[in-house]
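All remarks here apply to the structure that follows.
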Amino acid sequence: MSFIQIKNITKNYTNRRRTKRSPGDASKAGELITVLDNINLEFEEGEMVCILGPSGCGKSTLLRIIAGFDTDFDGEVIIDGDKVGSASSEHIFVFQQNGLLPWMSVWDNVELGLRNMKDSEMKNEQIQEYIDLVELNGFEHNLPYQLSGGMQRRAELARALAVTPDILYLDEPFTGLDYFTHLKVREEVVNIHEYIGKTMIMVTHFIEDALVMADRIIILSDRPSCVKMTRKLDFSRPRNMNKNKDLGDLRDEIFLMLGVSYVA
Amino acid sequence: MYKASLLNEKFAILNKSLWLPIISVVLVIALWGAISQLGGLGKHVFPGPATVLLAFNELFNNGELIKHSVASLYRVTVGFYLAIFLGIPLGIVLGLNRTLSDMVDPVVQFLRPISPLAWIPLAMLWFGIGDKPAIFLIFLSSFFSLTMATTVAVKSINPIYFQVAANFNFNRAELLTKIIIPAITPDVITALRLTVAVAWLVVVAAEMIAVQSGLGYLILDSRNALRMDYVMVGMIVIGWIGLSLDLIMQKFSRVKWTAH
């Protein structure tokens, strides 16, 4: 049995807007819109999976359902044999942005998951360890707004990793970062995955990220979305799309699948 | 060239944001003096700055001014604190509970635009004479706005913070102290700043009825004695205290976790 099982997940929501999303959109206010249509997936322990799909297809919704934030859906999510009914501190979610509590310093944010530890000496050691891991030593007492976007993201990663979660959910974790910082934080996530070997499920719309990072790629179709393709990537890391022809071909194939025919 | 730059430097020492207000205050006092001298209304009807300064000295030295200021500040403080301790918790509850807020919100919305002064007859009937009706009016002037502002602030907390709380298994107390209260603090402080200004406006009006002390009473009593110089002293002190209250609130309103 797989570590995470997603069985027949269907998610509908009621359209509350009066305007149409696009000229061809027939949906009216009050109408039921299907976001996820009978999704079945399995994830292995320690696997790094990237979920790709066109924007608005419901990939974030799917991740939030798996994480237990959204309980209004049909179907089942089973993690390690237990049905998921709510968020859990063993499965930490890294948000698209603003996931750090802005009124707490980096240190206090990282402490959130460890706040109930009895031994304060051990707790402080652990907090420092994870702050060092993401190379934020020296910034322990800074507030989030005093950090750059990349540092904020790293601080959030430290907070997530400090609780040694079984699963890490990453919802477009590189959004809003400049290109260079994006690559740096991405590298860090890959290293962390190699280092701790925990299950990671990441939603992204950057195809390159998925190709560089993932053990497996899942592609969702447009709304109502279903699983369009899942593909194992047996390439060693670090990966380079320009040097590895198979990887480059796969990229072109995925771009085509998502409706982009020319890739520079 | 050299002289000009030296002159500029001299002016730079006197910070622009400091001397511009001073100039305007001096101008206003000069204008006031000129009108009272040349307006033809007479010293008793339109006293000039010198007369008012003498009256201020008199009222300050015989302790009347301090007594009345303290009385007004006492009422504002009590009424305002009552509004804080009832309005903010109620606002938090309403912000978190959709059903309750749908029920209570229309009532608050309806009562809020009724001027606290319209409550004067009822306040006197219910609370009699003395501090109580005035405090009640101050309370009313702040309570509804504070409740509403808090409700809105809670409702507009970024849902991500609640998800973080759920993800790290916060209990109710932690949710309140680690998420809700810090998240609404900037908005609530802004609301406090606005309401304390309104409360200060209302106390003067409230003191014109039913009490024997306070700056409002000082003004009304001086009018009855036809001492317009005392009336003006009262007005100026009200302005000073109002300004000070605002400056104090402004100091508090610099919350450290936002960039601006």
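So which strands (runs of 3 or more DSSP E) are wholly in the stretch A:174-264 and hold at least 3 residues that are of a type in the set (A, V, I, L, M, F, W, C)?
It comes to A:199-203, A:216-220.
Do any helices (runs of 4 or more DSSP H) lying entirely in the stretch B:150-260 carry at least 1 residues that are within 24 Å of the chain's Cα centre (by Cα), within 14 Å of chain A (Cβ to nearest Cβ) and aliphatic (A, V, I, L, M), and which ones are they?
Qualifying helices (runs of 4 or more DSSP H): B:181-206.
In the stretch A:144-180, which residues are of a type in the set (K, R) and within 11 Å of chain B (Cβ to nearest Cβ)?
If the condition is that a residue be of a type in the set (K, R) and within 11 Å of chain B (Cβ to nearest Cβ), then A:R159 is the only one that fits.
So which residues in the stretch A:32-71 are under 15 Å from A:T10 (Cα atoms) and in contact with a helix residue (DSSP H, G or I) (Cβ under 9 Å, 6 or more places away or on another chain), if there are any at all?
A:V35, A:L36, A:I39, A:L41, A:R64, A:G68, A:D70, A:T71
What pairs come out if I take residues in the stretch A:139-168 that are under 17 Å from A:E125 (Cα atoms) and pair them with residues that are polar (S, T, N, Q) and not in a loop (DSSP other than H, G, I, E, B) whose C-beta lies under 7 Å away, six or more apart or interchain?
A:A155/A:N109; A:R159/A:N109; A:A162/A:Q126
In the stretch A:83-118, which residues are part of a helix (DSSP H, G or I) and under 18 Å from B:L175 (Cα atoms)?
Those that are part of a helix (DSSP H, G or I) and under 18 Å from B:L175 (Cα atoms): A:D108, A:N109, A:V110, A:E111, A:L112, A:G113, A:L114.
Which of the residues that make up the stretch A:62-121 are over 19 Å from the mean Cα position of the chain (by Cα) and polar (S, T, N, Q)?
The answer is A:S105, A:N109, A:N116, A:S120.
Restricting to the stretch A:106-140, what's the tally of residues that are closer than 17 Å to A:F93 by Cα and aromatic (F, W, Y)?
Adding up the residues that qualify gives 1.
Regarding B:S222, is this residue in contact with a Gly (Cβ under 8 Å, 6 or more places away or on another chain), of a type outside the set (F, W, Y), without any contact (Cβ under 8 Å) to a residue 40 or more places away in the chain and outside the structural domain of B:I29 (by TED's automatic domain parsing)?
Spelling it out, B:S222 is indeed in contact with a Gly (Cβ under 8 Å, 6 or more places away or on another chain), of a type outside the set (F, W, Y), without any contact (Cβ under 8 Å) to a residue 40 or more places away in the chain and outside the structural domain of B:I29 (by TED's automatic domain parsing).
Does B:K43 satisfy the condition of being over 22 Å from the mean Cα position of the chain (by Cα) and surrounded by fewer than 16 Cβ atoms within 10 Å (Cβ to Cβ)?
Taking the combined requirement at face value, the residue satisfies it.
Out of the stretch A:108-122, which residues are among the hydrophobic types (A, V, I, L, M, F, W, C) and more than 14 Å from chain B (Cβ to nearest Cβ)?
Hit for the stretch A:108-122 is A:M122, nothing else.
Which condition number does A:E188 fail, the rest of (1) of a type in the set (D, E, K, R); (2) buried (at least 19 other Cβ atoms within 10 Å of the Cβ); (3) within 17 Å of A:L136 (Cβ to Cβ) being met?
(2)
The values are calculated or read from the model by the stated rules, or taken from the named source; none is laboratory data. Note that the structure is a prediction, hence the values are computed from the model and not measured. We place every Cβ from the backbone using ideal geometry, glycine too, and count neighbours over all the protein chains shown.
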